[in-house]
1. Do we find that Ala212 is loosely packed, with under 11 Cβ neighbours inside 10 Å, under 21 Å from Gly124 (Cβ atoms) and either outside the structural domain of Glu121 (by TED's automatic domain parsing) or at pLDDT 90 or above (or both) in this structure?
2. Just give me the residues in the stretch 6-20 being touching a strand residue (DSSP E or B) at 6+ places or on another chain (Cβ under 9 Å), more than 12 Å from Asn45 (Cβ to Cβ) and of a type outside the set (Lys, Arg), in sequence order.
3. Wholly within the stretch 20-111, which strands (runs of 3 or more DSSP E) include no fewer than the required count, namely at least 3 residues that are touching a His at 6+ places or on another chain (Cβ under 8 Å) and closer than 29 Å to Val180 by Cα?
4. Take Arg20 and decide whether it is surrounded by 11 or more Cβ atoms within 10 Å (Cβ to Cβ), within 15 Å of Asn69 (Cβ to Cβ), of a type in the set (D, E, K, R) and in the same structural domain as Asn69 (by TED's automatic domain parsing).
5. Going by the conditions given, is Asp100 among the acidic types (Asp, Glu), under 29 Å from Ala19 (Cβ atoms) and at pLDDT 90 or above?
Amino acid sequence: MEKIDLQATVRKSVGNGPARVLRRSGQIPAILYGRGTEPVLLSVNTKDLEKILKKGNFGQFILNLVIQNGKKVTKPAMIKELQAHPLSGNLIHIDFYEIDMNRQIRVMVPVVIKGHSVGVEEGGMLNIVRRELEVFCLPGDIPESFEIDITGLAIGDSIHLADVPMGENVEVDTDVNYTVVTVLSPKVEEEVAVEEEEEVEGAEEGAEGEAAEAEAKPEEEK
(Lines give C-alpha, C1' and ligand atoms only; values in the text may rest on other atoms or scores of the structure.)
Protein backbone atom coordinates (compact mmCIF):
# COMPACT_ATOMS: atom_id res chain seq x y z
CA MET A 1 0.00 0.00 0.00
CA GLU A 2 1.17 3.51 -0.86
CA LYS A 3 2.62 5.62 1.94
CA ILE A 4 1.57 9.26 2.07
CA ASP A 5 3.85 11.99 3.40
CA LEU A 6 2.37 14.43 5.89
CA GLN A 7 4.31 17.24 7.51
CA ALA A 8 3.85 17.78 11.26
CA THR A 9 5.35 20.10 13.85
CA VAL A 10 5.90 19.47 17.55
CA ARG A 11 3.83 21.84 19.69
CA LYS A 12 4.61 22.85 23.24
CA SER A 13 1.39 24.57 24.34
CA VAL A 14 -1.82 22.80 25.39
CA GLY A 15 -5.35 23.92 26.25
CA ASN A 16 -8.32 25.43 24.41
CA GLY A 17 -6.79 28.87 23.91
CA PRO A 18 -3.60 27.76 22.13
CA ALA A 19 -5.63 25.20 20.15
CA ARG A 20 -7.93 27.95 18.83
CA VAL A 21 -4.89 30.03 17.85
CA LEU A 22 -3.53 27.05 15.91
CA ARG A 23 -6.80 26.52 14.06
CA ARG A 24 -7.04 30.18 13.09
CA SER A 25 -3.56 29.89 11.59
CA GLY A 26 -4.62 26.95 9.43
CA GLN A 27 -3.25 24.21 11.69
CA ILE A 28 -4.98 21.32 13.49
CA PRO A 29 -3.85 20.15 16.95
CA ALA A 30 -2.85 16.49 16.94
CA ILE A 31 -1.23 13.79 19.04
CA LEU A 32 0.94 10.82 18.11
CA TYR A 33 0.95 7.76 20.36
CA GLY A 34 1.72 4.10 19.98
CA ARG A 35 2.75 0.84 21.57
CA GLY A 36 5.61 1.44 24.01
CA THR A 37 6.14 5.08 22.96
CA GLU A 38 5.55 8.38 24.73
CA PRO A 39 2.74 10.55 23.29
CA VAL A 40 3.93 13.53 21.23
CA LEU A 41 1.87 16.70 20.78
CA LEU A 42 1.78 17.83 17.16
CA SER A 43 0.08 20.16 14.72
CA VAL A 44 -0.57 19.55 11.02
CA ASN A 45 -1.60 21.81 8.15
CA THR A 46 -5.36 21.70 7.62
CA LYS A 47 -5.19 21.82 3.81
CA ASP A 48 -2.55 19.09 3.65
CA LEU A 49 -4.72 16.83 5.78
CA GLU A 50 -7.88 17.56 3.78
CA LYS A 51 -6.09 16.55 0.56
CA ILE A 52 -5.25 13.20 2.11
CA LEU A 53 -8.78 12.63 3.40
CA LYS A 54 -10.19 13.16 -0.11
CA LYS A 55 -8.35 10.01 -1.21
CA GLY A 56 -10.86 7.77 0.59
CA ASN A 57 -11.03 5.67 3.74
CA PHE A 58 -8.60 7.32 6.16
CA GLY A 59 -8.57 4.22 8.37
CA GLN A 60 -6.45 2.44 5.74
CA PHE A 61 -3.87 5.13 5.02
CA ILE A 62 -0.27 4.57 6.04
CA LEU A 63 1.36 7.94 6.63
CA ASN A 64 4.98 8.94 6.66
CA LEU A 65 4.58 11.47 9.43
CA VAL A 66 7.49 13.88 8.91
CA ILE A 67 7.92 15.59 12.28
CA GLN A 68 9.78 18.88 12.55
CA ASN A 69 11.46 19.45 15.90
CA GLY A 70 14.76 21.11 15.12
CA LYS A 71 15.50 18.10 12.94
CA LYS A 72 13.27 15.88 10.81
CA VAL A 73 12.05 12.57 12.21
CA THR A 74 9.86 10.26 10.13
CA LYS A 75 7.33 7.99 11.84
CA PRO A 76 5.01 5.47 10.12
CA ALA A 77 1.52 6.13 11.43
CA MET A 78 -2.19 5.74 10.78
CA ILE A 79 -5.08 8.04 11.55
CA LYS A 80 -6.81 6.63 14.61
CA GLU A 81 -9.48 9.27 15.23
CA LEU A 82 -10.72 12.53 13.73
CA GLN A 83 -12.68 15.00 15.83
CA ALA A 84 -14.89 17.58 14.12
CA HIS A 85 -16.91 20.52 15.44
CA PRO A 86 -20.54 19.38 15.89
CA LEU A 87 -21.98 22.45 14.13
CA SER A 88 -19.44 23.61 11.56
CA GLY A 89 -18.03 20.18 10.77
CA ASN A 90 -14.51 21.65 10.78
CA LEU A 91 -11.73 19.35 12.00
CA ILE A 92 -10.58 20.30 15.49
CA HIS A 93 -8.24 17.45 16.52
CA ILE A 94 -6.60 14.35 15.13
CA ASP A 95 -5.09 11.24 16.74
CA PHE A 96 -2.23 9.43 15.00
CA TYR A 97 -1.15 5.92 15.97
CA GLU A 98 2.49 4.99 15.38
CA ILE A 99 2.76 1.55 13.80
CA ASP A 100 5.41 -1.11 13.44
CA MET A 101 5.65 -2.14 9.79
CA ASN A 102 6.67 -5.64 10.92
CA ARG A 103 3.75 -6.15 13.28
CA GLN A 104 0.20 -7.13 12.33
CA ILE A 105 -2.56 -4.62 12.94
CA ARG A 106 -6.36 -4.76 12.93
CA VAL A 107 -8.08 -2.72 10.20
CA MET A 108 -11.47 -2.42 8.52
CA VAL A 109 -11.49 -2.98 4.74
CA PRO A 110 -14.46 -1.92 2.58
CA VAL A 111 -16.51 -4.39 0.55
CA VAL A 112 -17.05 -3.64 -3.15
CA ILE A 113 -19.93 -5.40 -4.93
CA LYS A 114 -19.50 -6.44 -8.57
CA GLY A 115 -21.90 -7.92 -11.08
CA HIS A 116 -25.70 -8.20 -11.29
CA SER A 117 -27.38 -10.91 -9.24
CA VAL A 118 -29.76 -13.27 -11.05
CA GLY A 119 -31.85 -13.29 -7.87
CA VAL A 120 -32.32 -9.52 -8.02
CA GLU A 121 -33.35 -9.79 -11.69
CA GLU A 122 -35.99 -12.33 -10.57
CA GLY A 123 -37.45 -9.88 -8.05
CA GLY A 124 -35.27 -10.40 -4.98
CA MET A 125 -33.55 -7.68 -2.98
CA LEU A 126 -29.80 -7.48 -2.49
CA ASN A 127 -28.94 -7.07 1.20
CA ILE A 128 -25.36 -6.00 1.95
CA VAL A 129 -25.01 -7.08 5.58
CA ARG A 130 -21.36 -6.04 6.02
CA ARG A 131 -19.93 -3.08 4.14
CA GLU A 132 -16.55 -3.50 5.85
CA LEU A 133 -14.61 -6.57 6.99
CA GLU A 134 -12.21 -6.63 9.92
CA VAL A 135 -8.84 -8.17 9.05
CA PHE A 136 -5.38 -8.70 10.56
CA CYS A 137 -2.29 -8.07 8.46
CA LEU A 138 0.99 -6.22 8.22
CA PRO A 139 0.56 -2.50 7.47
CA GLY A 140 2.08 -2.94 4.03
CA ASP A 141 -0.41 -5.69 3.13
CA ILE A 142 -3.65 -3.80 3.84
CA PRO A 143 -6.05 -4.46 0.91
CA GLU A 144 -7.76 -1.45 -0.66
CA SER A 145 -11.03 -3.40 -0.76
CA PHE A 146 -12.59 -6.85 -1.07
CA GLU A 147 -14.39 -7.35 -4.38
CA ILE A 148 -17.36 -9.70 -4.21
CA ASP A 149 -18.97 -10.96 -7.41
CA ILE A 150 -22.70 -11.47 -6.86
CA THR A 151 -23.54 -12.57 -10.42
CA GLY A 152 -24.41 -16.14 -9.42
CA LEU A 153 -26.48 -15.27 -6.35
CA ALA A 154 -30.06 -16.52 -6.65
CA ILE A 155 -32.90 -15.66 -4.27
CA GLY A 156 -32.06 -17.04 -0.84
CA ASP A 157 -28.33 -17.38 -1.59
CA SER A 158 -25.67 -15.78 0.60
CA ILE A 159 -21.94 -15.10 0.63
CA HIS A 160 -20.27 -15.63 3.99
CA LEU A 161 -16.95 -14.44 5.37
CA ALA A 162 -15.28 -17.77 4.55
CA ASP A 163 -16.30 -17.33 0.89
CA VAL A 164 -14.42 -14.02 0.49
CA PRO A 165 -10.90 -14.44 -0.97
CA MET A 166 -8.49 -12.72 1.42
CA GLY A 167 -5.05 -13.30 -0.05
CA GLU A 168 -2.05 -15.03 1.52
CA ASN A 169 -1.02 -12.33 3.99
CA VAL A 170 -4.45 -11.32 5.29
CA GLU A 171 -6.17 -13.07 8.19
CA VAL A 172 -9.69 -12.90 9.62
CA ASP A 173 -11.42 -14.26 12.69
CA THR A 174 -13.14 -17.33 11.26
CA ASP A 175 -14.74 -18.35 14.57
CA VAL A 176 -17.89 -16.54 13.40
CA ASN A 177 -18.61 -17.16 9.72
CA TYR A 178 -21.06 -14.29 9.38
CA THR A 179 -23.07 -13.34 6.30
CA VAL A 180 -21.61 -10.59 4.14
CA VAL A 181 -24.14 -10.42 1.28
CA THR A 182 -27.48 -12.14 0.70
CA VAL A 183 -30.44 -11.93 -1.69
CA LEU A 184 -33.79 -11.74 0.08
CA SER A 185 -36.97 -13.16 -1.43
CA PRO A 186 -39.91 -10.82 -2.16
CA LYS A 187 -41.88 -12.64 0.57
CA VAL A 188 -39.27 -11.80 3.20
CA GLU A 189 -39.27 -8.18 2.04
CA GLU A 190 -43.06 -8.02 2.46
CA GLU A 191 -42.89 -9.57 5.94
CA VAL A 192 -40.24 -7.04 7.01
CA ALA A 193 -42.35 -4.19 5.64
CA VAL A 194 -45.46 -5.46 7.51
CA GLU A 195 -43.50 -5.79 10.76
CA GLU A 196 -42.16 -2.24 10.39
CA GLU A 197 -45.66 -0.94 9.67
CA GLU A 198 -47.06 -2.73 12.74
CA GLU A 199 -44.30 -1.26 14.89
CA VAL A 200 -45.12 2.24 13.64
CA GLU A 201 -48.85 1.72 14.27
CA GLY A 202 -48.13 0.38 17.75
CA ALA A 203 -45.96 3.39 18.53
CA GLU A 204 -48.66 5.77 17.27
CA GLU A 205 -51.33 4.05 19.37
CA GLY A 206 -49.10 4.20 22.42
CA ALA A 207 -48.48 7.90 21.87
CA GLU A 208 -52.21 8.57 21.46
CA GLY A 209 -52.93 6.64 24.68
CA GLU A 210 -50.35 8.65 26.60
CA ALA A 211 -51.79 11.88 25.21
CA ALA A 212 -55.31 10.87 26.27
CA GLU A 213 -54.11 10.03 29.78
CA ALA A 214 -52.33 13.36 30.02
CA GLU A 215 -55.51 15.24 29.00
CA ALA A 216 -57.63 13.26 31.48
CA LYS A 217 -55.41 13.95 34.49
CA PRO A 218 -56.50 17.57 35.10
CA GLU A 219 -60.17 16.49 35.13
CA GLU A 220 -59.42 13.64 37.54
CA GLU A 221 -57.60 16.05 39.84
CA LYS A 222 -60.63 18.32 39.89
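The values are calculated or read from the model by the stated rules, or taken from the named source; none is laboratory data. None of these values were measured; they are calculated from a predicted model. Glycine gets a Cβ as well: all are built from the backbone with ideal geometry, and neighbour counts include every protein chain shown.
1. Spelling it out, it is not the case that Ala212 is loosely packed, with under 11 Cβ neighbours inside 10 Å, under 21 Å from Gly124 (Cβ atoms) and either outside the structural domain of Glu121 (by TED's automatic domain parsing) or at pLDDT 90 or above (or both).
2. Listed by number, the residues that qualify are Val10, Ser13, Val14, Pro18, Ala19.
3. Working: elements: 27-34, 37-45, 62-68, 72-84, 91-98.
Those strands (runs of 3 or more DSSP E) do not exist here; none qualify.
4. Details: surrounded by 11 or more Cβ atoms within 10 Å (Cβ to Cβ): yes; within 15 Å of Asn69 (Cβ to Cβ): no; of a type in the set (D, E, K, R): yes; in the same structural domain as Asn69 (by TED's automatic domain parsing): yes.
No: the conditions fail for Arg20.
5. On the way: among the acidic types (Asp, Glu): yes; under 29 Å from Ala19 (Cβ atoms): no; at pLDDT 90 or above: yes.
Spelling it out, it is not the case that Asp100 is among the acidic types (Asp, Glu), under 29 Å from Ala19 (Cβ atoms) and at pLDDT 90 or above.
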